[in-house]
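Notes to accompany the following structure.
The values are calculated or read from the model by the stated rules, or taken from the named source; none is laboratory data. Nothing here was measured: the structure is a model prediction, and the numbers come from that model. Positions of Cβ are generated from backbone atoms using ideal geometry, with glycine treated the same way; all protein chains shown enter the neighbour counts. Calculation scope for accessible area: heavy atoms of the full protein, side chains included, ligands and nucleic acids excluded. Shrake-Rupley method; radii C 1.70, N 1.55, O 1.52, S 1.80 Å.
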Amino acid sequence: MLHAGLLYDKRGTDTSPDWPRRFAELARAARDERLRSFYSAGIVSGDTPIRDVPLLALDVETTGLNPAVDAIVSVGLVPMTLDRVRASAARHWLVKPRVPLSEDSITIHGITHSQLDRAPDLVEVLGDILDLMARHVMVVHCREIERLFLGAALVHRINEGIEFPVIDTMQLEGRLYRNRPASLWRRLWPRRETPVSIRLSPSRQRYGLPRYRLHHAVTDALATGELLQAQIAHRFSPTTPVGELWA
Amino acid sequence: MQDEQQEIVDFLRRYPPFRDLDEGALEHIGGSIDVRYYKAGSPIVDFGQDALFWHIVRSGVVEVFRRDGTLYNRLTEGDYFGEFGLLHRKKVRFPARASEDTLLYLVPEPVFTELFERNETFADQVEIEDRSRLQKVVSRQQAGNDLLSATVESLVQREPVTLPDSASSLEAARCMTEAGVSSLLLVSGSGDTDAAVTLAGIVTDRDLRTRLVAKGLPLETPAVTIATTQVVTIEHSRLVFEAMLVMLHNNVHHLPVLHQQRPIGVIALSDIIRHESHNSLFVVSRIYRAQTVDELAALAPEARASFVRMAGGDTSARIVGSAMSAIGRAFKQRLLELAEQQFGAPPLPYCFLALGSMGRQEQSVVTDQDNALVLDNRFDPGRHDEYFEQLAKFVSDGLARCGYTYCTGGVMATNRKWRQPLKVWEGYFDTWIEHPTPEGLLDSNIFFDLDGVYGRTEWAEGLRRRFARNARQHPRFLASMARNALLRTPPLGFFKDFVLEADGRHSAAINLKRRGTAPLTDLIRVHALAVGSEALNSYERLVEVMRAKVLPPGRGADLLDALEFIAWVRLRNQVEDLKAGREPDNSIEPERLSEFERKSLREAFTVLSHAQDFLKYRYQSARAIG
């Protein structure tokens, strides 16, 4: 996943809705059968302890960074709970983008034109993906990417968007390093310093997680799931309500 | 798509034992793996919990502990743990903890077991992950057994409280009160140099009460007068277990602990009881209290029960062997005391001998009685033998009733040949050693495992010293013994449902004593005799043999571990027999073993086989005698 342009925390947009109620509304409003059943399956309420929440680490790889013009080329899903990242149940889909693939993204994802030529359109696998997502809280690193690209792809194909609660490991990292008020010392002696990177690899390193070769949707999802386990082990607790983590 | 687990498979490929797996097996494992993060300091698995996964360390550091909390191993990227629990009753044997932030890959138990059973190379690599695996198995057993393997020294909590032997009773009482102890040692000698100090007596609370106050003696009475001067002591290196036996049998509650003749502390019965739960010691104490043979015979089931408790727990074979020997010895001693009550005091001093496994302190629950009588040299058959024959028969019949079957080879004191004065015994040993033939020595092995049980036990020590000194100077004797030690060999292989014999035959079962512990014991005895060792126990013998540098480097330690492992499997098997209500024996069918035990046994037999080859080479002057 690429999120270089989207690193900055968009504060003020974080008021999380009452998701179970929101899902009920969305289920009534949805026109697409697959979306309707996704919403109808429901979602845990915000006061559920994180250890009891079924989670799904999600990553999409795209042709570029602009949701308006770029498209999804692959989707990786790894189901997990707080104490187990179920890599053994990971799923991966290549999907044929409706836009041309640039040379740049090929080198990043290692996905070739010929592989994508044989791949299905996202709409063909949407049912499978939504089935797996149903009842799970998504775990992503940089939620804007997943939300915007998935939303755009769905609007494009079925003329409906999608909403779901997301735990964003980048945002959890950002809370630690970006939103903290400067110390008195820093206010008195301001100094230019390199901000701590909250991108996936450097964040993982801070928790002693191994270096993975990223930019494969499943590997990135796995890496994100492991990062969440580490963040909760260090900074939260198994009983932390999921409502404090999701957005 | 098959690339979901690409990252995991790529990782595995970098490390043994995965490196050598074919692509299919690698993807099978990789596809089964789940992941879990552990923060530094958090526990991963606890002892005794169900073993569900084989753990591979993806990053971080994991510390694996023995049950007693000591560090067993420290693992890092590419290492793995948990296989022992998976192969062994599916319970976690070694607790583990993340000592740094750690990411673990978890392989589910069925995937691991299947790969282990199907892929020989993988199984071997997982097992030989480090060369001392057998050693670890053995040390694990001992780790769980600190009660019985603890030495007396470990119970000593403080320097002994002492006074010069010139002290008065009043001084003694004051000194004990100040120090808050229930016993005091009286020492003689200059006191300037430690070496000169010797133990003159011990005074206890009870002595002050019964021997001073109750008798109305003045407080100035020298403490020595009320002290016990024939002090029963114990060496610092003996096992706690043995200290308990000494106390029980001598009816004392305080035992001075000696190091090079010098008292280094006192242990009390209460110290030991604190360390004791219910085990064989209580059987021993009841044996000593039994008043009739019937009462003794009634204790036989308890002896078995305590065997099941020990061998079925994590007690090492060596400790079980010594505990069972102690029980056997107690039976003999008590029977002899009862015999003397019945037939009157003996007309001459004698020494009752334990031979074979009891002499070596390696008794199991399946055992026959090998015993003999050494009589005073003034022995006159016409005048004295009636008494000793009666005595021997009483003991032998009594032992049979207590579960020790008669010796089929007739090596019992009831046999006139083995009921002889000391000088005849000396002649036996001299003849065996100086005029050896393999045939003549065939049945005399067990006489070289001779221990005095009752009476003039120093005669047994004298005989042992005599043949230990003599044997090493007689290469033909050693060669004959070596040749006999090679008569019984281990099987070639050991498979799921059969035993592969050297001639290619398949057997359904294997006798672990005849094919394992006995040839090992024989082989160790030859080496021990060759280096002039007076030790009886195979482990102790081996230690002396190793010290004499007779064996190639490393071989001695391997033999120790092989002996412990085979003996352990044998005991476990007997425990299972007893629990299932079967009569225990020494045979085992391979399908009753776990894959892990089969592999370890195979390894132990290989060690034995190599050791036999070495024995053959080392004492090959056997050819000279044809």
Exercise. Restricting attention to region B:212-258, report how many residues are within 26 Å of the chain's Cα centre (by Cα), assigned to a helix (DSSP H, G or I) and among the β-branched types (Val, Ile, Thr).
Key: 2
Quiz item: Of the residues that sit in region B:1-29 and are closer than 27 Å to residue A:206 by Cβ and within 11 Å of another protein chain (Cβ to nearest Cβ), which one is surrounded by the most Cβ atoms within 10 Å (Cβ to Cβ)?
Solution: B:8
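Do we have residue B:74 as out of contact with any Phe, Trp or Tyr (no Cβ under 7 Å at 6 or more places or on another chain) and either modelled with pLDDT of 85 or more or open to solvent by 20 Å² or more (accessible area, probe 1.4 Å) (or both) here?
On the way: out of contact with any Phe, Trp or Tyr (no Cβ under 7 Å at 6 or more places or on another chain): yes; either modelled with pLDDT of 85 or more or open to solvent by 20 Å² or more (accessible area, probe 1.4 Å) (or both): yes.
Against the criterion (out of contact with any Phe, Trp or Tyr (no Cβ under 7 Å at 6 or more places or on another chain) and either modelled with pLDDT of 85 or more or open to solvent by 20 Å² or more (accessible area, probe 1.4 Å) (or both)), residue B:74 qualifies.
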Practice problem: From A:201, A:197, grab the single residue that is modelled with pLDDT under 85 and either polar (S, T, N, Q) or surrounded by 13 or more Cβ atoms within 10 Å (Cβ to Cβ) (or both). | Solution: A:197
Quiz item: Among the residues of region A:84-100 satisfying the criterion of being at the interface with another protein chain (Cβ under 7 Å from one of its Cβ atoms) and assigned to a strand (DSSP E or B), which is most open to solvent (accessible area, probe 1.4 Å)?
Solution: A:91
Practice problem: Would you confirm whether any residue within region B:371-381 is farther than 28 Å from residue B:282 by Cβ, small (Gly, Ala, Ser) and in contact (Cβ under 8 Å) with a residue 40 or more places away in the chain? | Solution: yes
Exercise. For region B:339-358, indicate whether the set of residues that are of a type in the set (D, E, K, R) and touching a residue at least 60 places away in the same chain (Cβ under 8 Å) is non-empty.
Key: no
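Residues that are aromatic (Phe, Trp, Tyr), open to solvent by less than 10 Å² (accessible area, probe 1.4 Å) and either touching a residue at least 12 places away in the same chain (Cβ under 8 Å) or not in a loop (DSSP other than H, G, I, E, B) (or both): does region B:286-303 have at least one? Working first, answer last.
First pass over region B:286-303, keeping only residues aromatic (Phe, Trp, Tyr): B:288.
If we keep only those that are open to solvent by less than 10 Å² (accessible area, probe 1.4 Å) as well, we get none.
Among the residues of region B:286-303, not one is aromatic (Phe, Trp, Tyr), open to solvent by less than 10 Å² (accessible area, probe 1.4 Å) and either touching a residue at least 12 places away in the same chain (Cβ under 8 Å) or not in a loop (DSSP other than H, G, I, E, B) (or both), which makes the answer no.
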Quiz item: Of the numbered conditions (1) touching a strand residue (DSSP E or B) at 6+ places or on another chain (Cβ under 8 Å); (2) closer than 18 Å to residue B:27 by Cα, residue B:98 satisfies every one except a single condition; which is it?
Solution: (2)
Practice problem: For region B:442-464, indicate whether the set of residues that are at pLDDT below 90, more than 25 Å from the chain's Cα centre (by Cα) and either hydroxyl-bearing (Ser, Thr, Tyr) or part of a loop (DSSP other than H, G, I, E, B) (or both) is non-empty. | Solution: yes
Quiz prompt | Search result, residues across region A:229-247 that are over 17 Å from residue A:166 (Cβ atoms) and within 11 Å of another protein chain (Cβ to nearest Cβ) | solution = A:230, A:233, A:234, A:235
Quiz item: Can you find a residue in region A:155-170 that is surrounded by 15 or more Cβ atoms within 10 Å (Cβ to Cβ), within 14 Å of chain B (Cβ to nearest Cβ) and either at pLDDT 90 or above or within 30 Å of residue B:104 (Cα to Cα) (or both)?
Solution: yes
Quiz item: Can you pull out the residues in region A:212-228 that are at pLDDT below 90, under 21 Å from residue B:38 (Cα atoms) and more than 9 Å from chain B (Cβ to nearest Cβ)?
Solution: none
Exercise. For residue B:321, state whether it is modelled with pLDDT under 90 and surrounded by fewer than 24 Cβ atoms within 10 Å (Cβ to Cβ).
Key: no
Quiz item: Consider residue B:238 against the criteria (1) at pLDDT 80 or above; (2) touching a strand residue (DSSP E or B) at 6+ places or on another chain (Cβ under 7 Å); (3) surrounded by fewer than 20 Cβ atoms within 10 Å (Cβ to Cβ): it satisfies all of them except one. Which criterion is unmet?
Solution: (1)
Quiz item: farther than 24 Å from residue A:88 by Cα, in the same structural domain as residue B:21 (by TED's automatic domain parsing) and assigned to a strand (DSSP E or B), is that true of residue B:64?
Solution: yes
Quiz item: Looking at (1) open to solvent by 40 Å² or more (accessible area, probe 1.4 Å); (2) modelled with pLDDT of 90 or more; (3) not in a loop (DSSP other than H, G, I, E, B), which is the one condition that is false for residue B:473?
Solution: (3)
Quiz item: Among all residue pairs at least 6 apart or on different chains, which show Cβ distances below 6 Å where the first residue, located in region B:521-536, is on the phi < 0 side of the Ramachandran plot and the second is acidic (Asp, Glu) and assigned to a loop (DSSP other than H, G, I, E, B)?
Solution: B:536/B:449
Exercise. Please state which of the following conditions residue B:50 fails to meet, knowing it meets all the rest: (1) among the acidic types (Asp, Glu); (2) surrounded by fewer than 21 Cβ atoms within 10 Å (Cβ to Cβ); (3) within 14 Å of chain A (Cβ to nearest Cβ); (4) more than 26 Å from residue B:27 (Cβ to Cβ).
Key: (3)
Practice problem: Being open to solvent by 10 Å² or more (accessible area, probe 1.4 Å) and either aromatic (Phe, Trp, Tyr) or within 11 Å of residue B:373 (Cβ to Cβ) (or both) is the filter here, so list the residues in region B:425-451 that pass it. | Solution: B:428, B:432
